Amino acid sequence: MPRDYAVEVRRRLPAAKKRIEPLIERLTAEHPDAKIALSFSSDVELLVAVMLSAQTTDVNVNRVTERLFRKYRRPEDYLAVPVEELEQDVFATGFYHQKTRSIRGAMQALAEEHEGRVPRSVEELVSLPGVGRKTANVVCAELGEAQGIVVDTHVRRLAQRLALTREGDPVKIERDLMRLVPREHWRLLPHLLIWHGRRVCDARRPACDRCVVADLCPSSRA
Ligand code: SF4
């Protein structure tokens, strides 16, 4: 889209505050199955799966955790084997040295300071070794009430294309979205943007011609 035209479209569209409700409504109708794609059956499994999901696909993580979670059930189980064994068990998710170090650090903190349970607040979660804000937000949203908005690569791209933010830094994007999006949607919004990003608004070739929010999107090429 030529730059002048993009600016003109942006000027004609209602402000983000007015577009956010219809955006959420339409994306909810379009992706009624939008939810976390990682498999887990306990809070510890959720935390480990999210930690393993950095720099790889959820499908790949699920393939690895299918075996992993049969072998490791409690935080202590991750500490009871030699480091090399755990590295081997998470090898296929990539960055296995770093991920093993982070998982062991977090599991040790859970065992020693949290009675083996995963805390429910972002503040406590980010104090665990190897747990960043994105991981903490995912865990909080799934285990209880979302306390922030998950910003991954899809959320970042779509928030920018839909002009919900002008920022590039995930922390600043999250801050903009938290101001804009009613709290009751904090949990769902990232799933909607992630699924829309995967299915329609591809990074390289967005399918604007079949996008249900094209008329609300200043980046539309339709
Ligand atoms: S109109 Fe195009 S750029 Fe905008 S959200 Fe839809 S697919 Fe993405």
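The values are calculated or read from the model by the stated rules, or taken from the named source; none is laboratory data. These figures come from a predicted structure and were not determined experimentally. No Cβ is skipped: glycine too gets one built from the backbone with ideal geometry, and neighbour counts run over all protein chains shown. When the accessible area is computed, the model is the full protein with side chains, heavy atoms only, and any ligands, DNA or RNA have been set aside. Shrake-Rupley method; radii C 1.70, N 1.55, O 1.52, S 1.80 Å.
What to note about this one:
- The set of residues in the range 73-94 being closer than 16 Å to Ala109 by Cα and open to solvent by less than 90 Å² (accessible area, probe 1.4 Å) consists of Pro75, Glu76, Asp77, Tyr78, Leu79, Ala80.
- Pair list, Cβ < 7 Å and 6+ apart or interchain, from the range 157-175 residues that are without any contact (Cβ under 8 Å) to a residue 12 or more places away in the chain to residues that are open to solvent by 10 Å² or more (accessible area, probe 1.4 Å): Glu167/Asp176
- Selection from the range 171-200 of residues that are within 10 Å of the ligand (Cβ to nearest atom) and of a type in the set (A, V, I, L, M): Leu193, Val200
- Here Arg26, Arg104 are screened, and the one residue that is in contact (Cβ under 8 Å) with a residue 60 or more places away in the chain and either open to solvent by 30 Å² or more (accessible area, probe 1.4 Å) or part of a helix (DSSP H, G or I) (or both) is Arg26.
- Which listed residue is of a type in the set (Val, Ile, Thr) and surrounded by fewer than 21 Cβ atoms within 10 Å (Cβ to Cβ), from Thr153, Thr135: Thr153
- Arg221 fulfils the conditions (1) modelled with pLDDT under 95; (2) open to solvent by less than 20 Å² (accessible area, probe 1.4 Å) except for a single criterion, (2).
- Candidates Ala34, Ala54 - the one that is open to solvent by less than 70 Å² (accessible area, probe 1.4 Å), at pLDDT 95 or above and hydrophobic (A, V, I, L, M, F, W, C): Ala34
- Residue list for the range 201-211, restricted to those being near the ligand (Cβ under 8 Å from one of its atoms) and touching a residue at least 24 places away in the same chain (Cβ under 8 Å): Cys201, Pro206
- Matching residues, the range 26-64, being among the β-branched types (Val, Ile, Thr) and either in contact with a strand residue (DSSP E or B) (Cβ under 7 Å, 6 or more places away or on another chain) or within 24 Å of Leu193 (Cβ to Cβ) (or both): Thr28, Ile36, Val50, Thr56, Thr57, Val59, Val61
- Of the helices (runs of 4 or more DSSP H) lying entirely inside the range 48-92, those containing at least 1 residues that are more than 22 Å from the chain's Cα centre (by Cα) and among the basic types (Lys, Arg) are 58-71.
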